[in-house]
1. Does the stretch 67-85 hold any residues that are assigned to a helix (DSSP H, G or I), touching a Lys or Arg at 6+ places or on another chain (Cβ under 9 Å) and surrounded by fewer than 23 Cβ atoms within 10 Å (Cβ to Cβ), and which are they?
2. Out of the residues in the stretch 116-171 that are charged (D, E, K, R) and outside any loop (DSSP other than H, G, I, E, B), which is modelled with the lowest pLDDT?
3. Every residue in the stretch 153-193 that is over 19 Å from the mean Cα position of the chain (by Cα), surrounded by 20 or more Cβ atoms within 10 Å (Cβ to Cβ) and either farther than 18 Å from residue 219 by Cβ or of a type outside the set (S, T, N, Q) (or both), please.
4. Can you give me the number of residues within the stretch 30-50 that are loosely packed, with under 14 Cβ neighbours inside 10 Å and either outside the structural domain of residue 66 (by TED's automatic domain parsing) or farther than 30 Å from residue 160 by Cα (or both)?
5. From the set of residues in the stretch 119-171 that are in contact with a Cys (Cβ under 7 Å, 6 or more places away or on another chain) and among the hydrophobic types (A, V, I, L, M, F, W, C), which is nearest to residue 242 (Cα to Cα)?
6. Restricting attention to the stretch 110-159, report how many residues are closer than 30 Å to residue 43 by Cβ and touching a residue at least 12 places away in the same chain (Cβ under 8 Å).
7. Can you spot a residue in the stretch 11-19 that is buried (at least 20 other Cβ atoms within 10 Å of the Cβ), among the small types (Gly, Ala, Ser) and either in a helix (DSSP H, G or I) or modelled with pLDDT of 95 or more (or both)?
Amino acid sequence: MKTVWISALGDDERGRARVAAATAALKRYGLDARGHFWSEANDKLAWRRALEALREANAELWLILATEAEMAKPAVRYGLSLMAASLRNARGACFPVLVLWDGQAPAEDALPLLLRPAAVLEQSSTSWPAKVVARINMPAKAAEPDYRLDVLGEERLGQWFEIGPRDGEWHGVVFGVSGDGAAIDFQAVGPKGALPRKTVLEYAQQGLKLQAGSREFSAWAVRNRLDATQSYFVRVQGSPDAILFLPYAEDDEAVATVIALV
């Protein structure tokens with residue numbers, strides 16, 4: 001029996017009723033449904049605990065039960081974005097993610113940027129469980145980006161963004177954050193997948209200012225060589241509304257990647 005992991009955004013009477021109805025519908029279609037009610041405690045990396053539970057359950061699809069009001073909350077959008085990024089890093093870009101909407105499906109831009117590849121289903125439609133079954137059994141292909149992005153940590157260690165090239169090499173990296181209260185306070189380089197116990201930084205820089213569109217980013221940088229086995233780690237305070245990163249370059253040839261998180 002395949003497992004669907006449910007993240008329910010509303011922990012109220014209606015939200016609990018939606019979870020019960022969704023779980024029963026999936027069970028009738030031969031799927032095991034497990035999950036949790038979403039927590040906005042991003043300072044405690046509550047979303048990370050949900051990701052680890054999804055992985056421990058060997059879930060094969062992530063189903064988000066959403067409402068317009070809940071999805072509009074910046075704290076909810078931020079946590080969902082980080083979980084989506086880390087899930088894609090762990091399970092690949094083709095891991096199926098669906099949004100089950102309470103009401104008429106919204107426009108694409110109602111979802112955070114990293115969730116926009118997900119199909120939105122209306123819970124009022126009788127066909128949505130069949131679409132979940134089809135998606136969980138459908139071999140999927142999705143292009144992987146040329147970078148790796150993960151978010152690590154826990155309440156004691158703080159929130160760490162990890163980036164690096166998927167293939168090839170970067171001769172250094174620049175990473176920035178935007179948004180009130182968002183700030184970088186530590187950086188490191190080491191083997192991918194876990195925070196390094198020690199690090200040596202080459203030509204470390206702090207307090208860089210970068211402009212991308214209407215956003216101003218505060219950035220740090222290092223000149224360490226990174227390949228597919230090495231990552232750059234940066235600890236970020238607060239909840240940035242966007243991040244920016246690019247390989248370090250002496251000229252203007254490097255292209256920055258900007259990811260909105262709320």
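The values are calculated or read from the model by the stated rules, or taken from the named source; none is laboratory data. Bear in mind the structure is a predicted one, so any value in this text is a computation, not a measurement. Backbone-built Cβ (ideal geometry, glycine too); neighbour counts: all protein chains shown.
1. 71 - this is the single residue of the stretch 67-85 that is assigned to a helix (DSSP H, G or I), touching a Lys or Arg at 6+ places or on another chain (Cβ under 9 Å) and surrounded by fewer than 23 Cβ atoms within 10 Å (Cβ to Cβ).
2. 154
3. 170, 172, 173, 174, 188, 189
4. 1
5. Here the answer is 142.
6. Residues in the stretch 110-159 being closer than 30 Å to residue 43 by Cβ and touching a residue at least 12 places away in the same chain (Cβ under 8 Å): 22 in total.
7. no
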